[in-house]
Amino acid sequence: MSKISALICSLRGMASKQGGCSGEIMKLAADTIEVLSSKTTSQNGDGWIPVGDRLPKEHEERTEILDLIFNVIQSCKVSDLVLVTVYDSDQDKTFVSDDCTVDGKWANYSGNCYEVLAWQPLPPAYEPKRD
């Protein structure tokens, strides 16, 4: 774990224990550090974040599955969609795609011949100029 990741974890731990206004300030500080480090963490300064440094931040997601007998509610942690650089060992090449993590694992490129090497947040959507 990098020093930045350790600092973020420490601040989040203190925030949950502290509560109140102080806890909110610590949580905000942890979120700010995480955002700033995501913009600067890259070996080449190109925006790519090696998966060994960290994975995208995940948030709680609840899914309701309906069947004929039971309503089943599943809860998992899911990241936002990000760009990924993937190594395909069958074809010995890398390519760029999109993916997200679910409970700390890549949804589309886990296992088999694929290995996610790095990721970066999606850029903002193109906004055409309006006259």
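The values are calculated or read from the model by the stated rules, or taken from the named source; none is laboratory data. Being a predicted model, the structure only gives us computed values, none of them experimental. Neighbour counts are summed over all protein chains in view; Cβ atoms, including those assigned to glycine, are modelled from backbone coordinates with ideal geometry.
In this structure, residue 131 qualifies as assigned to a loop (DSSP other than H, G, I, E, B) and either under 20 Å from residue 48 (Cα atoms) or not assigned by TED's automatic domain parsing to the domain that holds residue 79 (or both). Under 28 Å from residue 115 (Cα atoms) and at pLDDT below 65, is that true of residue 36? Against the criterion (under 28 Å from residue 115 (Cα atoms) and at pLDDT below 65), residue 36 qualifies. Of the residues making up the stretch 107-117, just one is at pLDDT below 95 and either of a type in the set (A, V, I, L, M) or under 15 Å from residue 54 (Cα atoms) (or both), namely 107.
Just to be sure, is residue 42 within 26 Å of residue 114 (Cα to Cα), surrounded by 13 or more Cβ atoms within 10 Å (Cβ to Cβ) and at pLDDT below 80? Walk me through it before giving the result.
Working: within 26 Å of residue 114 (Cα to Cα): yes; surrounded by 13 or more Cβ atoms within 10 Å (Cβ to Cβ): yes; at pLDDT below 80: yes.
So residue 42 fits the description; yes.
Among residues of the stretch 77-98 that are more than 28 Å from residue 59 (Cα to Cα) and assigned to a strand (DSSP E or B), those with a Cβ under 9 angstrom from a residue that is at pLDDT 95 or above and polar (S, T, N, Q), sequence gap 6+ or separate chain, pair up as 88/94; 94/85.
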